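Q: Quick one: the structure is below, questions incoming.
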Amino acid sequence: MSRGKLNNFDMTLEECRLVFDTLDNLVIIDDQGKIKYLSPDMYFTIEAYNKKPVPHDVVGRHIHDVHYVSKITQGIERGEEIKTAFYFSSNVTNVARIVPLKKDGTIVGAIDYDLFTDGNILRDFLDEVRAYRSSGTTVQRNIYEKLPVKNKIPSSYKNFDMTLEECKLVFDTLRNLVVIDANRCIKYLAPSMYDVIEEKSGSPVPDDVIGLNIDKLHYTSKVQNVVETGRPIKTAIYNYDGEIYVSRIEPLIQDGAIVGAIDYDIFSSNEELDEFLTIVEEYNEIGKLNFENTFESMYDSSKKLSNIKYTINNIIGNSDAMKRLRGSISDISESNATVLITGETGTGKELVANSIHNLSLRADHPIIAVNCAAIPSTLFESELFGYEEGAFTGASKGGKPGFFDAADKGTLFLDEIDQLPYHIQPKLLRAIQEKEIIPVGGKAKPIDIRILAATNKDLLKLVDEGKFREDLYYRLNVVEIRIPPLTQRREDIPLLAQSFLTYLNRQLMKNIKGISDEVMKKFLSYDWPGNVRELFNVIERSVVACRSDTLQIEDLGSFASEVPATHLPLALESDAPLEYVRNQAEAAAIRQVLESTGGNKAKTAKLLKISRTALYDKLKKLNIE
């Protein structure tokens, strides 16, 4: 029905923030993906996922720079609600809802909030629904009693930057939200609730509802019960003429006192509930859901694993290339797909492999790294698959497990896969296809691992040369992650250098505060054939030599004088060494002129005495941004 202007919102910013803080793991972003609000609980949730503290000031940061696995931006990309977004980790299953924020038909942001924060709560909800459907009544267990008290963050944290108008837009976007004060009087009533209440009561709802007692307006509401008891109702089930609504009701608590309550829908129809239950059943059948562990177990586990080798936080860089890389890792982490990681020497392939594993459902189990180039060809089969007692002369008593056994339930990372002996390749292919291995001298046995492989070579070229099996290549390359060389993301060099300096200060007990402009210019002009590993090594040697509080040219040692000579490496292993050198020389010249013109491409082309079209072609060919 058409209505005039509703008077249904009477909230201060402080009251709006209290509602936001009460919702489970609420995140609000603008249309650029930048954080407008991050709930206190999310600081702890993100820390548990990332295994690293969250910055205190998150307002204005891109959500993926803070929470790498967040799916909230999908709400903006799709332009429609994602009713149930599942987040899987090795410890906890989270189920969230993602909704775009729209103003006058234009997307201005998105919200993401949890429907179920962990497997225990989801399991209890499923029990509740089953009980309701079998008896028509609900016990409404106080599931929240199993959760810790709401997490607190210091008031100095900057996590809220909203106007009242923006707060109201979020309120209007939440499903059938009702906010009441301690006297049960309405502070906010969602526009959609007018029709719901009228249908149930048979009486019209006045346009001005502010200050009305919820008992008199919506006599079947259960929100007033929470004001009385202070105990939240995780699953309040409403049945309106056969249509099931499942809502969540939470008390609003300020300084230990109950100042009101909120009631909002989790599911708003039979069809929506049935669709969710079907998805849950499907995920349960393939073993993705974790009904046992809670958020506390996830958080405790992250603390215990805080000294693990690498996580996605170690992938440093604000370039578009690195943002895409982190996004790809987040996208594939939940699956069991085999991944081929490609990139030049020193780009960080092992780091990427560990990041995938530590974001995956297998993170509680080991990742076993195997360097295929370091194992003699004659020992490869027994090292990989193990052997039984008496399998060959000299075999250890009782046999010996292989790398596959060591990686059980976890991840096997095969580095330098191009060095895998040809006679072993069909056996690896069979292990991947059949999900079983045959130890030397033994019988087939099942395995449960994920395979990650890495190479700095062109495997397809090796296939053409008959050195690598084509069928194995396609089995390994289900998903490919390509790591860009440092020359294609030069803008990350200052950030990497400072990060390495901070790390080395701790390791070498130094107190070097910065890097001089002269040194940074050297770093930015060099092409780093050894990539990130070479940059780290140069900084490490320089830190050892440094006697002041700033890295200077003299601290670089031989590197400073060698830069011109090594700036154009011959790369004799490449297909066309001379062409490679010409390209590197052109790239160096173009960068130098671009720097002198402040990035003005018209002036650069004029100084180089080439057309602007030719310059743009060279910029593209040489990967100069």
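Q: With the full set of protein chains in place, find how many percent of the accessible area of the stretch 384-542 is carbon and sulfur; take the probe as 1.4 Å. Could you put the intermediate results ahead of the total?
A: On the way: 3860 of 7890 Å².
Exposed carbon and sulfur together represent 49 percent of the surface.
Q: Share of antiparallel DSSP beta bridges in the chain, in percent to the nearest 5? Present the calculation step by step, with values, prior to reporting the outcome.
A: Numbers: 50 of 72 bridges.
Just about 70 percent of them are antiparallel.
Q: Restricting to DSSP H runs of at least four residues, report the calculated mean residue ellipticity at 222 nm for the chain, -39500 (n - 2.57) per run over all residues, nearest 500 deg cm²/dmol.
A: -12000 deg cm²/dmol, from helical runs alone.
Q: What percentage of the solvent-accessible surface of the stretch 218-278, computed with a 1.4 Å probe over protein heavy atoms, is contributed by carbon and sulfur atoms? Please list the in-between numbers first.
A: On the way: 1040 of 2240 Å².
That share works out to 46 percent.
Q: Please list 3J(HN,Hα) in residue order for the stretch 263-279, calculated via the Karplus relation 6.51 cos²θ - 1.76 cosθ + 1.60 where θ = phi - 60°; whole Hz, with x for glycine and proline.
A: 9, 9, 7, 8, 10, 10, 6, 4, 4, 5, 5, 5, 4, 5, 4, 5, 4
Q: Would you grab the residues whose amide H sits under 5 Å from the one on Lys103? Only those 5+ places off in sequence or on another chain, please, with H modelled 1.01 Å from N.
A: Under 5 Å from the amide H of Lys103: Val108.
Q: Under 10 Å from the Cβ of Glu416, count the other residues' Cβ atoms, weight Lys and Arg +1, Asp and Glu -1, and hand me the total.
A: Details: positive: Lys349, Lys457; negative: Asp415, Asp418.
That works out to 0.
Q: Identify all lysines with a Cα-Cα distance to Lys467 below 18 Å; exclude those on the same chain that are fewer than 8 residues away in sequence.
A: Leaving aside lysines fewer than 8 places away in the same chain, those within reach of Lys467 are Lys427, Lys457.
Q: Then there is this: Got a sec? Charge dipole of the chain, +1 on Cβ for Lys and Arg, -1 for Asp and Glu; which of His64, Ile341, Pro446 is way out at the positive end?
A: Ile341
Q: Counting only heavy atoms of the protein chains, get the accessible area per residue of the chain (1.4 Å probe) and round it to a whole Å² value. Before the final figure, lay out the partial values.
A: Numbers: 29410 Å² over 625 residues.
Heavy-atom accessible area per residue stands at 47 Å².
Q: Using every pair of alpha-carbon atoms in the stretch 582-625, split the distances into 10 Å bins beginning at 0 and state the percent of pairs per bin, rounded to integers.
A: Percent of pairs per bin, in order: 31, 65, 3.
Q: Using the Cα centre of the chain as the reference point, and only Cβ charges (+1 on K/R, -1 on D/E), how large is the resulting charge dipole? Debye, rounded to the nearest 20. It would help to have the intermediate numbers written out before the result.
A: Working: 76 positive and 92 negative charges, 348 e Å.
Charge dipole, the chain, about its Cα centre: 1680 debye, nearest 20.
Q: What translational diffusion coefficient, to the nearest whole µm²/s, does the stretch 446-559 have by Stokes-Einstein, given a Kirkwood radius computed over alpha-carbon pairs, a temperature of 37 °C and 0.692 mPa s viscosity? Write out the running numbers ahead of the final one.
A: Working: Rh = 16.9 Å.
In µm²/s, the coefficient is 194.
Q: Using the 4.7 Å Cβ rule, please list in number order the cysteines from the chain without any candidate partner.
A: Flagged as lacking a Cys partner: Cys185, Cys372, Cys546.
Q: Counting only other residues whose beta carbon sits under 15 Å from that of Ser377, what net charge do I get with K and R as +1, D and E as -1?
A: Values: positive: Lys427, Lys467; negative: Glu381, Glu383, Glu416, Asp418.
Local charge sum for Ser377: -2.
Q: Report the FRET efficiency, 1/(1 + (r/R0)^6), for Glu271 and Ala182, where r is their Cβ-Cβ distance and R0 is 51 Å, rounded to 0.05. Numbers along the way, then the final one.
A: Values: r = 36 Å, r/R0 = 0.71.
It comes to 0.90.
Q: For the stretch 30-47, what does the Karplus curve 6.51 cos²θ - 1.76 cosθ + 1.60, with θ = phi - 60°, yield as ³J(HN,Hα) per residue in whole Hz, taken in order and with x for Gly and Pro?
A: 8, 6, 9, x, 8, 6, 9, 7, 9, 5, x, 4, 5, 4, 6, 5, 5, 4
Q: Mind checking which of Ala602, Ile316, Cys372 is farthest towards the positive end of the chain's charge dipole, using Cβ charges of +1 (Lys, Arg) and -1 (Asp, Glu) about the Cα centre?
A: Checking the options against the dipole of the chain, the answer is Ala602.
Q: Related question: Report the net charge of residues surrounding Gly211, where surrounding means a beta-carbon distance below 14 angstrom and charges are Lys +1, Arg +1, Asp -1, Glu -1. Kindly include the intermediate steps, with their values, before the conclusion.
A: Numbers: positive: Arg184, Lys187, Lys216; negative: Asp10, Asp181, Asp207, Asp208, Asp215.
Overall, the nearby charge balance is -2.
Q: Any lysines with Cα under 23 Å of the Lys606 Cα? List them, leaving off those in the same chain fewer than 8 positions away.
A: Correct list for Lys606: Lys618, Lys620, Lys621.
The values are calculated or read from the model by the stated rules, or taken from the named source; none is laboratory data. Just so we're clear, the structure is a prediction, and the values are computed from it rather than from any experiment. Neighbour counts run over all protein chains shown; Cβ positions are idealised from the backbone, glycine included. Surface accessibility is based on the protein's heavy atoms, side chains included, excluding ligands, DNA and RNA. Shrake-Rupley method; radii C 1.70, N 1.55, O 1.52, S 1.80 Å.
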